[in-house]
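Undergrad: Quick one: structure below, then a few questions.
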Amino acid sequence: MKNIKIITCLLFVSAFAKAQQLQSYIEEAQSNNPEIQAFELRYNIAEEKVNEADWLPNTLVGAGYFVSEPETRTGAQRARFSVSQMLPWFGTVTARENYASSMADAQYVDIVIAKRRLALSISQSYYKLYSIKAKQLVLDENIQLLETYERLALTSVEVGKASAVDVLRLQIRQNELVQQIEVLEQDFLAEQTVFNNLLNRDETIVVDVPKEMTIPAEEPLVSNENLKLNPELLKYDKLYESVEQSELLNQKESSPNIGFGLDYVPVSERPDMNFSDNGKDIVMPMVSVSIPIFNNRYKSITKQNELRQLEITSQKEDRLNKLETLLAQAQYNRNSMKIKFNVQLKNLQQANDAEEILIKNYETGTIDFNDVLDVQELQLKFQINLIESIKGYYTEYAMVNYLSS
């Protein structure tokens, strides 16, 4: 019982260390990946547009000189200077800022989605690397096993209980396994390049993957309610809110604009007259109102916003249906991989029992090396299937995690 507790503890520590290792790769990728950096820059631009929204129409300054000075009772007008400023309706600037802020929020969700997709890609590549490396180790073990069988066969040949053909068949089988290892090495290098590119680092950096992995006995509960919190769906909520803010801004912009101004006209004194207002300059404050009488443009924008909201709602429902399908499929596949894992585990145990029987037969003086090769091939098949089941399980688990956490 004490040994079982120790082994269980070691397995838990090992699994935690593997999870931490994968998480460190994901964090490194999210820091270095150029696609994520591009999304972050796009978000920074969207944030800056909030500051851009805080603006007023240009101040209009004018100056004019009378070539032919008009004479008035108080003197001749020499020039005209004016300054005016239009102001949007109350709350328009705030509405513009709110709209820009809502668009920035939608851009931020894009960053979250991109990071989650990158984490999924890294996890899937990581488990591929594990499976390739694990298969190489299994093939190495089988080559060593065949070498042991080869020595037994040579001994049997010497005493006349086996033929040289049995030895050659064992050697041919070893050559085939060596070839598979060399092919897997190329597969590992290719997938390692993919993995390192996801982390935006040198392609030749060696990726550290676990030698052994197993499937947990119990599955974590997954609720479809968690799926509704997926950023891919939250993106549509943010877009819907941005359309709402767009409509509020449209209503403000359809309101009148108010303008304030001042005209100044310098007047020359009349030399032939003497009175109190002689040569008095003209100062004229002005107020103006810009009224959107022909407002079909704003009505059209309102209609477009309504249609846009309906479109976003439909897109969200469609995406939710697709994500629910993906989640269900990923769960089914994960459960299938677990079933296959358990079956392969039993098959492997029975193949190992068959191997023990063959070894015992050799000790009694009888052994059929055809049976030896058949059992070895079965062992290898079950070991490879076991690795594929583990890889498939964790690949589907990564998809479930992407969809529901």
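The values are calculated or read from the model by the stated rules, or taken from the named source; none is laboratory data. Because the structure is predicted, anything quoted here is derived from the model rather than measured. Because the Cβ atoms are built from the backbone with ideal geometry, glycine has one as well, and the counts that use them run over all protein chains shown. Heavy atoms of the whole protein, side chains included, go into the accessibility calculation; ligands, DNA and RNA do not. Shrake-Rupley method; radii C 1.70, N 1.55, O 1.52, S 1.80 Å.
Undergrad: Yes or no: region 269-279 includes at least one residue that is touching a helix residue (DSSP H, G or I) at 6+ places or on another chain (Cβ under 7 Å), open to solvent by less than 70 Å² (accessible area, probe 1.4 Å) and either of a type in the set (D, E) or on the phi > 0 side of the Ramachandran plot (or both).
TA: Scanning region 269-279 turns up no residue that is touching a helix residue (DSSP H, G or I) at 6+ places or on another chain (Cβ under 7 Å), open to solvent by less than 70 Å² (accessible area, probe 1.4 Å) and either of a type in the set (D, E) or on the phi > 0 side of the Ramachandran plot (or both).
Undergrad: Scan region 139-160 residue by residue and report those that are closer than 14 Å to F369 by Cα, in a helix (DSSP H, G or I) and open to solvent by less than 70 Å² (accessible area, probe 1.4 Å).
TA: Hits for region 139-160 are L145, L146, T148, Y149, E150, L152, A153, T155, S156, V157.
Undergrad: If you check every pair at least six apart or on different chains, which have Cβ atoms under 7 Å apart with a residue in region 25-45 that is farther than 30 Å from V209 by Cα first and a residue that is open to solvent by 60 Å² or more (accessible area, probe 1.4 Å) second?
TA: Y43/Y108
Undergrad: What is the residue count in region 194-222 for residues that are farther than 30 Å from Q37 by Cβ and either part of a helix (DSSP H, G or I) or open to solvent by 80 Å² or more (accessible area, probe 1.4 Å) (or both)?
TA: Going through region 194-222 one residue at a time, the tally reaches 5.
Undergrad: Then there is this: Does region 161-182 include one or more residues that are open to solvent by less than 70 Å² (accessible area, probe 1.4 Å), closer than 30 Å to L118 by Cα, in a loop (DSSP other than H, G, I, E, B) and in contact (Cβ under 8 Å) with a residue 60 or more places away in the chain?
TA: The answer is no; no qualifying residue exists.
Undergrad: Right, something else. Within region 289-305, is even one residue in contact (Cβ under 8 Å) with a residue 60 or more places away in the chain, open to solvent by less than 90 Å² (accessible area, probe 1.4 Å), assigned to a helix (DSSP H, G or I) and farther than 23 Å from A63 by Cα?
TA: yes
Undergrad: Right, here's the next one. Just one of the numbered conditions (1) touching a Leu at 6+ places or on another chain (Cβ under 9 Å); (2) open to solvent by 80 Å² or more (accessible area, probe 1.4 Å); (3) not small (G, A, S) is not true of M399; which one?
TA: Failing condition for M399: (2).
Undergrad: Related question: Go through (1) under 20 Å from Q144 (Cα atoms); (2) among the β-branched types (V, I, T); (3) without any contact (Cβ under 8 Å) to a residue 12 or more places away in the chain one by one and return the number of the condition T364 breaks.
TA: In the conditions (1) under 20 Å from Q144 (Cα atoms); (2) among the β-branched types (V, I, T); (3) without any contact (Cβ under 8 Å) to a residue 12 or more places away in the chain, T364 misses (1) alone.
Undergrad: Being loosely packed, with under 13 Cβ neighbours inside 10 Å and under 30 Å from the mean Cα position of the chain (by Cα): is that true of T313 here?
TA: Answer is yes for this residue.
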